[in-house]
Every structure is written in C-alpha cells, then in structure tokens.
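Have a look at the structure below, then the notes.
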Amino acid sequence: MKKTLLALSLVSLFGAGTASANQDQIDTNTAGVIINRTSIEGMIKKDTRQDQRINDNKNNIESNKAANDAKNASQDQRIDNATINNANNRVDIGKNKTDINENTANIDENAENINNNSSKIDSSNEKIDDVARRGKAEFDKIYDDANSAAKFVEKAGDDFYKEANNAYAKATSQVNSNTNRISSLENDFKTMVGRQDNFEKRLDKMDKKMDGVMAGTHAVTNARPFAGNGQTAMGVGTGFAGSAQAVAIGVSHNFQDSAWSMSATTNVSTGSGVKTDVSGGVGAHYVF
C-alpha cells in the first residue's frame, strides 16, 4: 500500500513538473503570440496592401492559441485526475510536445511571413521613396522651367515697356511738332483769310469804282454835242452801271470855215458804296 502511494506521489510530482514545464512553454508561446500580434498590427499601419495576409496570420495565431488553451485545459484536467496512469501521461506529454513543436513551427512560419511582409513593405517603401524622389525631381524641373519662363516674361515685359515708352515719347514729340505746325498753318490760314478778306474788299471797291467809271463813260458819251460850221453846242448826259450813277455836261465849238473844232466834258459819278468822283476832259478835232 505504501509503495502504491509512493508511486502515485512520484507520478503526481512528475506530472506536476511536466505540467509546470508545459505551462512555461505555453506562457512563452503566448508571449510570442502577443509579440507577433503587436508586430502584425504595426505592419498593418505601414502598408495597407498587406492587411489581408496579416489578418490571416493573426487568425492563425489566435486559432493556435485557442487550440493550445483547450489542450492545456485538457492536460490540466488529466494531470489533476489521480487515476491517470503513467503510460497515458507519457502519451499525452509526447502529444503535447508534438503540439508544442507544431506551435513552434507555426510561430516560425508566422515569423517568416512577418519577415516576408516586412521585406515587401520595405520594397514598397523603397518604391514609394523612388517615386517621391522622381516626383521631387520633376517638381524641381517644373519649378525651374516656370521660374525661367517667369524671368523671360518679365524681361519681355520690361523690353516691351521700354519700347512702348520710347514709341510714346516719339509719338508725343511728333504730335507736339504736328500741333505746332498745325498752329502755324492755322495762323498762316488766318493771315491768308485776312488778306483774302482785304482782297475781296478791294475787289468790291474796284467793282463799285468800275461801276462809277462805266456810268461816267455812258454819261460823257451822251453829253458830248455835235456842232456845225461856226456853231457852239452844249449837251447833258447821264449813265448807270451797277450801283453807280453819273451826270455829265459837254460843250463843243466848230470854227467858222475851218476844219478844226474843240470840245470839253465833265461828269460826276456817285452811288451806294461808290465814292463820289468828278472827272473831265478837253479835246480838239480836225476834219479833212
């Protein structure tokens, strides 16, 4: 009886030691799982394209943990049961070792997947950095081109402003010159107009004077009398031309038994706007 109790005690101690070792390994596995989960969650934030695979790894780890927890609970129950024989315990312990090895393999696989994900993320980051570098180079080129274009436009604007300013100054000078010439021409035209007015006034006076001359001519022509041998004759005549009128008196004498005769006339012309003029004349005549 004592030997049996001793044997049971040894079995219990051996089972307890084995269970404790299993628990430590499980705790280690659990800690590793938590670390893996934290790493996976960190990787999720870095690259969204790896979310599905990381979630798959997370689900696998949680499944492994759940399986381990179930197995550990079952092991604890069997260990606590004093009726479990040593052979069964050894079988279970071997099975636990197999499960632990499988869990370790799964953890290693998960770690490898995480490393692969990290490599892919690093590759993606390198590609992103490369795209960023190329984008910065393109942006710098565009900025330089735009800056050069802006300087070109600014220089062109300055040149255009200078040319426009010179053209404006030249045009202003030309306008001022033309204005002076126009003013001179206007003054000359005014002078010419004044001269033209004076000329027209003189023509008007000449026309009126011609009216007086023509009226006087008609008056003298009609006032000259004709006298016979030894006779003296007198005549009066009048004439009209335009706005002028004239009156003339004439006298003639024919010498007795002579071929000679003489005559004299005088006239006065006047009218509207016509200066009053007095004129006269004397003539001698010979008949043969």
- In region 238-288, the residues that are of a type in the set (D, E, K, R) and surrounded by 11 or more Cβ atoms within 10 Å (Cβ to Cβ): 275, 277
- Message: If I filter region 209-216 for residues that are out of contact with any Leu (no Cβ under 9 Å at 6 or more places or on another chain), within 19 Å of residue 282 (Cα to Cα) and of a type outside the set (A, V, I, L, M, F, W, C), do I get at least one hit?
- Response: yes
- Within region 183-206, identify whether any single residue is β-branched (Val, Ile, Thr), out of contact with any Lys or Arg (no Cβ under 8 Å at 6 or more places or on another chain), over 30 Å from residue 286 (Cβ atoms) and not in a strand (DSSP E or B), and answer yes or no. yes
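Is there a residue being closer than 30 Å to residue 275 by Cα, of a type outside the set (Asp, Glu), assigned to a helix (DSSP H, G or I) and touching a Phe, Trp or Tyr at 6+ places or on another chain (Cβ under 7 Å) anywhere in region 220-237? Walk me through it before giving the result.
Pass one, region 220-237, residues closer than 30 Å to residue 275 by Cα: 220-225, 234-237.
Going one step further and asking which of them are of a type outside the set (Asp, Glu), we end up with 220-225, 234-237.
Going one step further and asking which of them are assigned to a helix (DSSP H, G or I), we end up with 220-223.
Narrowing further to those that are touching a Phe, Trp or Tyr at 6+ places or on another chain (Cβ under 7 Å): none.
No, the conditions are met nowhere in region 220-237.
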- Can you tell me which residue within region 217-264, out of those that are of a type in the set (Phe, Trp, Tyr) and under 23 Å from residue 287 (Cα atoms), is nearest to the chain's Cα centre (by Cα)? 226
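Any read-out appearing in this document is the output of simple, stated calculations on the displayed coordinates, not a laboratory observation. This structure is a prediction, so every number in the text was calculated from the model and none was measured. Cβ: placed from backbone, ideal geometry, glycine included. Neighbour counts: every protein chain shown.
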